[in-house]
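Notes follow once the structure below has been shown.
Read-outs throughout are calculated quantities, based only on the coordinates presented, and are distinct from any laboratory measurement. Not measured: the values here are computed from a predicted model. Reconstructed Cβ throughout: ideal geometry from the backbone, glycine too, with neighbour counts over all protein chains shown.
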Amino acid sequence: MNHENDHSTGNQENGHPLLYVMGKPVENPVIIDHSPECLTLEKLVAVARGDDEGRLARVVVAEESLRRTEQSAALIEEAVIRAQRDFTSLPPDKRHLLLIYGVNTGLGINRDKPVETFADCCKLSENILLSHATGVGPPLPSEVVRATMLLRLRTFAQGLSGVRPVLLTLLAEMLNRKVHPWVPSQGSVGSSGDLCSLSHLSLVLVGRGKACFATDYPFGVEHTFAIDPPDRGKPMPGHEALRAAGLEPLPPPDVPNGSIAEGIRLGPKEGLALTNGATVATAICALATHDAGTLLGSSNLAGAMTLQAVSGITRAFEPRVHEARRHEGQKEVAEQIMSFVANPDASGLDNRAAMMFQTQDDYSLRAMPQVHGAALSAIRHTAGVIEAEMNAVTDNPLVFFESRGAKGEFYDERVGRQVSVWPVCSAANFHGEPVGLVADYLKLALSELANISERRVQLLLDANRNRGLPANLSGGKTGLDSGFMIFQYTAASLVSENKVLCHPASCDSIPTSSDAEDHVAMATTAARHLRMVLENVANVLAIEFICATQALELRTTRRGLLQAIIRSSGDKAPGSDLVNDTGDSSVSLPCRAAMRHVAPISPFVTDDGDFAGVPPHLRIGRVQQLILAGVLLRAATAKGGTGS
């Protein structure tokens, strides 16, 4: 979809201005409510990172959802007051009916130990944050923190968490005013929720912890995946960051017939609600799943450029071939690659190979639909799981205030007896297993895109296989200049590193809390490794784009120079007699559109001295950012390439 004109005309839907995320419209503001499919990947990206032009979506919580949370919180307050009043007067075998896990009991192995007063239940909430903030490692990127905040907000808006509405409005305003908690990236086992990470995030809501007031966020695509991006801002105490943005920490809860310790700002259950759910893992996976779609399309585009650069054979992409295998992803990839190479003047495809008596290409070209198509299927499966998790209630326990009986008594009809005075269920929706499994699946699928891309890079550099291009795509003298040789070394290193990162984290489990939590998902480790794999894949694709651009320039505008190089070196490469055939007359419009973005960042290299102007590492890094931002893919689709 070409939406460039839509931005300039200020399109609106239902009276709301539209943002665009990879061409898909997103209403601004994003309304958070309790509808079943409130959030999409595109909405999350618009809030966490911004749209295609770097514009952040604002967040508004629906009034009806605030009313639901108020009812849910009122039930929790009533439950705590009644337990404080009646607990000791009940027979010992009935007292458990008044207890709600994590509300007026301890946590984990302390789950059967009552917390007797309303004030202590509030203190328990705050103690959870203080004691669970044990994270280590570098801080999470701003976009991951923002996505995490949005997902907690979405959970609370469904009214099953027992938190006050003011907690939701503060989270929304922190997003809108760019207050980003400082959250260490390591320390979660991905079950019982991302307890450690979410504690660091939630401390800011009560004026503790650290946060950044990032007024200039987002800074732009070049910093999205930077190790130390300037958009993070300077960490400061939580209360200072809030006040810099014109906000205040949460107000203390109203305590009936008593008072709470000074500084306590959380009500009963709120500490547990804030830290439940594999939310950090889901946030990382959601962003990665969106980016994976961009990488898939970019892989098809890079492969199409390489196919043209080596005058590849298009017969392997005919629709009837892929209809015969019946995999939708495979068929769509073949279609998109052909749309990227389609050009009435690009007769060099097939012709050069035919003149060299070659009937088929190497697997790295010929099997792109099969390999890329399998990755597309994995991306779609992952997207389905992650979008479901984004819209899920991952809290524990769940407060089903609408199912409350006439007497406030909760019966389990299956066993025919009262199990609690309150319609509150302790379960395990916080467990990160669904997220961990698809994170491991997706990183494996993405790693294959890098594996096959690295092979195409080597094909471009190999004078014995690239159908007439110079060795290492060098325009210099043989022996004196290395050309693009070491680019492939970097690609090989990244591909090898991915093999280590692709070890499945979700197959591990180390019990916690004295074996009370005896199976954990390690979902956050899987998600963190997924993000690392994704960055590596983008770098490998950047190398292919750079090499393919150099090769296509050699094929077209540099034909005369290439012929001179071959004559002067005395090294007659296979097919070098075909260098000046008419097949070099043009490059397809979609690939040419991508080259227009790559060439200024990675100018043509005549000899190694040209790398002094723009060093190789800067070329790779800058093209990687264009890939992740979808700039190259959008440019190609705007010129006739199909979307995926």
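Tabulated values for the structure
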| item | result |
| --- | --- |
| Chain lengthening between R315 and E37 when straightened (0.36 nm per residue, less Cα-Cα) | 95.9 nm |
| Whether the stretch 423-496 is rounded, prolate or oblate, judged on the alpha carbon gyration tensor where a/c under 1.5 counts as rounded | prolate |
| FRET efficiency estimate (nearest 0.05) - Cβ-Cβ, I109 to E78, R0 35 angstrom | 0.80 |
| Overall form of the stretch 8-128 per C-alpha gyration tensor (a/c, 1.5; a/b vs b/c) | prolate |
| Gyration tensor (alpha-carbon) shape descriptor, the stretch 32-91, a/c threshold 1.5 | prolate |
| Sequence-distant residues sharing a close amide H with H431 (under 5 Å, placed H) | S192 |
| Label selected from (1) 28.5, 101; (2) 42.4, 144; (3) 36.9, 129, the criterion being Rg and Dmax of the Cα atoms in Å as computed here | (1) |
| Surrounding net charge for S65, when Lys and Arg each add one and Asp and Glu each subtract one, Cβ distance under 11 Å | -1 |
| Charged-residue dipole, Cβ positions (Lys, Arg, Asp, Glu), the stretch 42-85 about Cα centre, Debye nearest 20 | 240 |
| Surrounding net charge for A147, when Lys and Arg each add one and Asp and Glu each subtract one, Cβ distance under 11 Å | +4 |
| Over the chain, relative contact order from alpha-carbon pairs under 8 Å, at least 6 apart, % | 16 |
| Cα-based helix-to-principal-axis angle, 142-156 vs the chain, degrees rounded to 10 | 40 |
| Summed residue charge, Cβ within 11 Å of N472's Cβ, Lys/Arg positive, Asp/Glu negative | -3 |
| Rounded to 10°, Cα long-axis angle of helix 165-176 versus longest principal axis of the chain | 20 |
| Two-site FRET efficiency, A367 against T169, from Cβ-Cβ distance with R₀ of 56 Å, rounded to 0.05 | 0.60 |
| Pair R380, T88: separation of 7 Å Cα→Cβ label points (nm) | 6.4 |
| Kirkwood Rh, Cα atoms: Rg over Rh of the stretch 438-542 | 1.23 |
| Mean Cβ count within 10 Å, highest first, over the residues of peptides 240-247, 280-287, 206-213 | 280-287, 206-213, 240-247 |
| Chain lengthening between Q186 and S259 when straightened (0.36 nm per residue, less Cα-Cα) | 22.6 nm |
| Label-point separation in nm, D610 to E535, each point 7 Å along Cα→Cβ | 3.0 |
| Fully extended contour minus Cα-Cα distance, from D216 to D518, at 0.36 nm per residue | 104.3 nm |
| Highest average packing first - 19-27, 292-300, 334-342, Cβ atoms within 10 Å | 292-300, 334-342, 19-27 |
| Positive-end residue, the stretch 582-633 charge dipole about Cα centroid, Cβ charges, pick of L618, V598, G630 | G630 |
| 0 to 90° range, to nearest 10: angle between helix 279-309 axis and the chain longest Cα axis | 10 |
